[in-house]
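Here is the structure we will look at.
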Amino acid sequence: MAGVYVYGILPGDIQIDPGATGVGDPAGEVRLVRSGDLAALVSDVELDKPLGRPEDLFAHEELLDSVAAEVPVLPLRFGAVVASDEAVAEELLQANHDEFATALEQLEGHAEYVVRGRYAEQPLLREVLSGDPRAARLAEQIKGADPDASRELRIELGEIISNAVAVKREDDTRAVGDALAGYVEASVVRPPSHELDAVYAAFLVRTDAAGDLEQAIRTLARDWEGRIDLTLNGPLAAYDFVGVPTGS
């Protein structure tokens, strides 16, 4: 039994190159289902083969990101499956027409970029200890001490370091936002996924300012060399800036 997997919503007047494939095993060919001035990017999937392989998630994101580099797209969350092309047209596109049309209009000329930075561990530790006399004293007390006997001191030092890193993360994330302020329309700070995360934020960027944004990140990366490893990923589909029902 087959279903229709929906990747995202696009303007109805676009064309896609034939031959692209999407999620599933075997992967279905990607096509468009149109309804008036809207279209849905879809492919057929076998419902008796559950989705969720890393390859499926990669295919979902790669397809949406490649489309977002060319036209506005409202990404649906991974795993959105409906019964038929008719259901896509009627229950998804027609039923949500005004919301989708407004969101696509707002996204016109924009794309998402994600900035990620990770602290270098030893420079970070030196920063914390040099800025907090209590932490520095604890580090000296712990050095060479029996782990069991110094357990409470280690816990206290760990809490001081964790709190200090949280403050530095907030300050460094703000610094990135300030550096990019002239090029972005909106931003979302994502929760850190690692204890050494310095910056993890998504930005909605005007496509005509993408080059300036990339230069600003290069400048900041040079300034932070040896302290924070800074990367920029994009253009991406605007995952962090739209809320789209799945139609499932």
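Observations on the structure shown:
- Residues (part of a strand (DSSP E or B) and modelled with pLDDT of 90 or more) located in the stretch 4-22: VAL4, TYR5, VAL6, TYR7, GLY8, ILE9, LEU10, PRO11
- Pairs where the first residue, in the stretch 154-171, is without any contact (Cβ under 8 Å) to a residue 24 or more places away in the chain and the second is assigned to a helix (DSSP H, G or I), C-beta under 8 Å, 6+ apart: ARG154/ILE142; GLU156/LEU138; LEU157/ALA135; LEU157/LEU138; LEU157/ALA139; LEU157/ILE142
- Residues in the stretch 109-120 include at least one that is farther than 30 Å from VAL67 by Cα, under 35 Å from the mean Cα position of the chain (by Cα) and not polar (S, T, N, Q).
- Flag if ALA145 is surrounded by 11 or more Cβ atoms within 10 Å (Cβ to Cβ) and outside any helix (DSSP H, G or I): yes
- Residues of the stretch 187-219 that are of a type in the set (Val, Ile, Thr) and either assigned to a strand (DSSP E or B) or in contact with a Pro (Cβ under 8 Å, 6 or more places away or on another chain) (or both): VAL188, VAL189, VAL199, VAL205, THR207.
- All conditions but one from (1) under 18 Å from VAL82 (Cβ atoms); (2) surrounded by fewer than 15 Cβ atoms within 10 Å (Cβ to Cβ) apply to ALA40; the one that does not is (2).
- THR219 meets each of the listed conditions (1) within 25 Å of VAL6 (Cα to Cα); (2) out of contact with any strand residue (DSSP E or B) (no Cβ under 6 Å at 6 or more places or on another chain); (3) among the hydroxyl-bearing types (Ser, Thr, Tyr) apart from (1).
- Of residues in the stretch 24-34 being surrounded by 20 or more Cβ atoms within 10 Å (Cβ to Cβ) and at pLDDT 90 or above, the one nearest to LEU63 (Cα to Cα): VAL30
- Scan of the stretch 82-126 for residues that are hydrophobic (A, V, I, L, M, F, W, C) and farther than 30 Å from ALA221 by Cβ, ordered by number: VAL82, ALA83, ALA87, VAL88, ALA89, LEU92, LEU93, ALA95, PHE100, ALA101, ALA103, LEU104
- Within the stretch 51-79, no residue that is over 19 Å from TYR113 (Cα atoms) and in the same structural domain as GLY234 (by TED's automatic domain parsing) sits with its Cβ atom under 7 Å from a residue that is buried (at least 23 other Cβ atoms within 10 Å of the Cβ) and among the β-branched types (Val, Ile, Thr) at 6+ positions apart or across chains.
- Cross-chain or 6+ apart pairs with Cβ under 6 Å, the stretch 111-139 first and over 11 Å from ALA164 (Cβ atoms), then polar (S, T, N, Q) and in a helix (DSSP H, G or I): ALA111/THR207
- Some residue of the stretch 233-241 being in contact with a helix residue (DSSP H, G or I) (Cβ under 9 Å, 6 or more places away or on another chain), in a helix (DSSP H, G or I) and exposed (fewer than 15 other Cβ atoms within 10 Å of the Cβ): no
The values are calculated or read from the model by the stated rules, or taken from the named source; none is laboratory data. Please read these numbers as outputs of a predicted model, since none were measured by experiment. Cβ coordinates were reconstructed from backbone atoms using ideal geometry, including for glycine residues, and neighbour counts include every protein chain displayed.
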